[in-house]
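Trainee: My questions will all concern the structure given below.
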Amino acid sequence: MQYREISYANEEEWLNIRKKGIGGSDAGAIMGKNKYKNIIDVWKDKTGRVQNNFTSPAAQRGKNLEKNIFNSYKEDHPDKKILEVNKMYVHPKYDFIRANLDGEIIYQDKKGILEIKTATINKRNKYVEEWQDNIPKSYLYQILHYFLVTGYEYAVVVSEIKFECFKNENSTPFDLDKRLQTIVINRADWEDEIQELLNKEIEFWECVKNDTEPRMIKTYGGLGNDGRKKKRIKK
C-alpha cells in the first residue's frame, strides 16, 4: 500500500497538521530513546496540554543550514537523483503516523530517505559515543519511523558536525573545525525494531485519543547503532 500525501501552505499550517499525528521527531521520545524529551512530553503536546513552539538555537542553526547541506550532498553525488520533499507523508493504514522527509534519494531505481542533521560537539566522549561512525539513538528511531510511513528500503543520514571540543589556546577566532558525515541505514537490519515501534505508536495514540497519560519510559541515551547493524558509505 502506498502512503498518501498532505500539502500545506506555510509553517503554521504544517504545525497544525503535525499535532494531529506522530512525527519522526516524536518516535525516539515515545520509545524512551530521547535524552531531552520523554513520552509524557509528547502526550501533553498532542493532547493540547502544552503549546511548545520554542525553537532552540541548535534547532534554528540546523534549520538555517539544512538547504546548504542538501545542496552540497546533491552536488557531490551526481550519480544519484536527490529530490526535495514539500509534503507530509501519511501511513497507508494508520492516519496518525506521519513523516516530513528532508529529501529523497533515487539510486539504481530504488527510492530512499535523505535525512539532514547538524550537531555541535563540546565534549570528545559525546562524539565517540553518539557520532563516530554512528548517530544518536533518537535519530535512529526517527529513521525507523520514516520507514514505517514510506516503506522505503534505505536511508542516508548526512550530518554536519561542528567540533568545539578540540579548540585549544592556540586556536584563533577564525578557526572552524567541521566534518560532513554520511551514514546509511538499511531497513532490513531493523525489521524487529520497526515492528516494535509500530506497536508502541499505536498504543501511544490510544492514550492520546482516550486522554489517558501513558506509562513513563526511562530514557536511554546509548548508541544509535550497534556493531552488527551500523553501515557507513564513503563519499
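The values are calculated or read from the model by the stated rules, or taken from the named source; none is laboratory data. All figures in this text were calculated on a predicted structure; none of them were measured in a lab. Glycine also receives a Cβ, built like all others from the backbone with ideal geometry; neighbour counts cover every protein chain displayed. Note: accessible area is taken over every heavy atom of the protein model, side chains too, but ligands, DNA and RNA are not part of it. Shrake-Rupley method; radii C 1.70, N 1.55, O 1.52, S 1.80 Å.
Trainee: Which one of these does Thr120 not meet: (1) within 22 Å of Gly62 (Cα to Cα); (2) without any contact (Cβ under 8 Å) to a residue 12 or more places away in the chain; (3) not aromatic (Phe, Trp, Tyr)?
Mentor: Every listed condition holds for Thr120 apart from (2).
The rows are residues; the columns are (1) modelled with pLDDT under 95; (2) crowded, with 17+ Cβ neighbours inside 10 Å; (3) among the hydrophobic types (A, V, I, L, M, F, W, C).
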{"residue": "Leu140", "(1), (2), (3)": "no, yes, yes"}
{"residue": "Phe147", "(1), (2), (3)": "no, yes, yes"}
{"residue": "Lys178", "(1), (2), (3)": "yes, no, no"}
{"residue": "Arg187", "(1), (2), (3)": "no, yes, no"}
{"residue": "Glu193", "(1), (2), (3)": "no, no, no"}
{"residue": "Leu198", "(1), (2), (3)": "no, yes, yes"}
{"residue": "Thr212", "(1), (2), (3)": "no, no, no"}
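Trainee: Across region 115-138, what is the number of residues that are out of contact with any Gly (no Cβ under 6 Å at 6 or more places or on another chain), assigned to a strand (DSSP E or B) and open to solvent by less than 20 Å² (accessible area, probe 1.4 Å)?
Mentor: Total satisfying the criteria: 4.
Trainee: So, one more: Hey, can you tell me all the residues within region 42-59 that are in contact with an Asp or Glu (Cβ under 9 Å, 6 or more places away or on another chain) and exposed (fewer than 13 other Cβ atoms within 10 Å of the Cβ)?
Mentor: Result: Val50, Gln51, Asn52.
Trainee: Tell me the residue from Gly28, Gly62 that is modelled with pLDDT under 95 and open to solvent by less than 60 Å² (accessible area, probe 1.4 Å), please. First the steps, then the outcome.
Mentor: Values: Gly28 fails: modelled with pLDDT under 95.
Within the list Gly28, Gly62, the selection yields Gly62.
Trainee: Just to be sure, is Glu153 at pLDDT 95 or above, over 27 Å from Gln195 (Cβ atoms) and open to solvent by 30 Å² or more (accessible area, probe 1.4 Å)?
Mentor: On the way: at pLDDT 95 or above: yes; over 27 Å from Gln195 (Cβ atoms): no; open to solvent by 30 Å² or more (accessible area, probe 1.4 Å): yes.
So Glu153 fails the test.
Trainee: For region 38-69, give me the residue count where each residue is closer than 19 Å to Lys117 by Cα and without any contact (Cβ under 8 Å) to a residue 60 or more places away in the chain.
Mentor: The qualifying residues number 13.
Trainee: Return the pairs, sorted by first residue and then second, in which the second residue is among the hydroxyl-bearing types (Ser, Thr, Tyr), the first residue lies in region 4-23 and is open to solvent by 70 Å² or more (accessible area, probe 1.4 Å), the beta carbons are less than 7 Å apart, and the residues are 6+ apart or on different chains.
Mentor: Hits for this filter: Glu5/Tyr89.
Trainee: Here's a check for you: in region 99-109, which residue that is within 21 Å of Gln60 (Cβ to Cβ) and open to solvent by less than 20 Å² (accessible area, probe 1.4 Å) is nearest to the chain's Cα centre (by Cα)?
Mentor: It comes out as Leu101.
Trainee: Before we move on, is Ile82 under 22 Å from Glu196 (Cβ atoms) and surrounded by 17 or more Cβ atoms within 10 Å (Cβ to Cβ)? Full working, then the answer.
Mentor: Numbers: under 22 Å from Glu196 (Cβ atoms): no; surrounded by 17 or more Cβ atoms within 10 Å (Cβ to Cβ): yes.
It is false that Ile82 is under 22 Å from Glu196 (Cβ atoms) and surrounded by 17 or more Cβ atoms within 10 Å (Cβ to Cβ).
Trainee: Based on what the data block shows, is Gly112 under 25 Å from Tyr36 (Cβ atoms), in contact (Cβ under 8 Å) with a residue 24 or more places away in the chain and surrounded by 15 or more Cβ atoms within 10 Å (Cβ to Cβ)?
Mentor: No: the conditions fail for Gly112.
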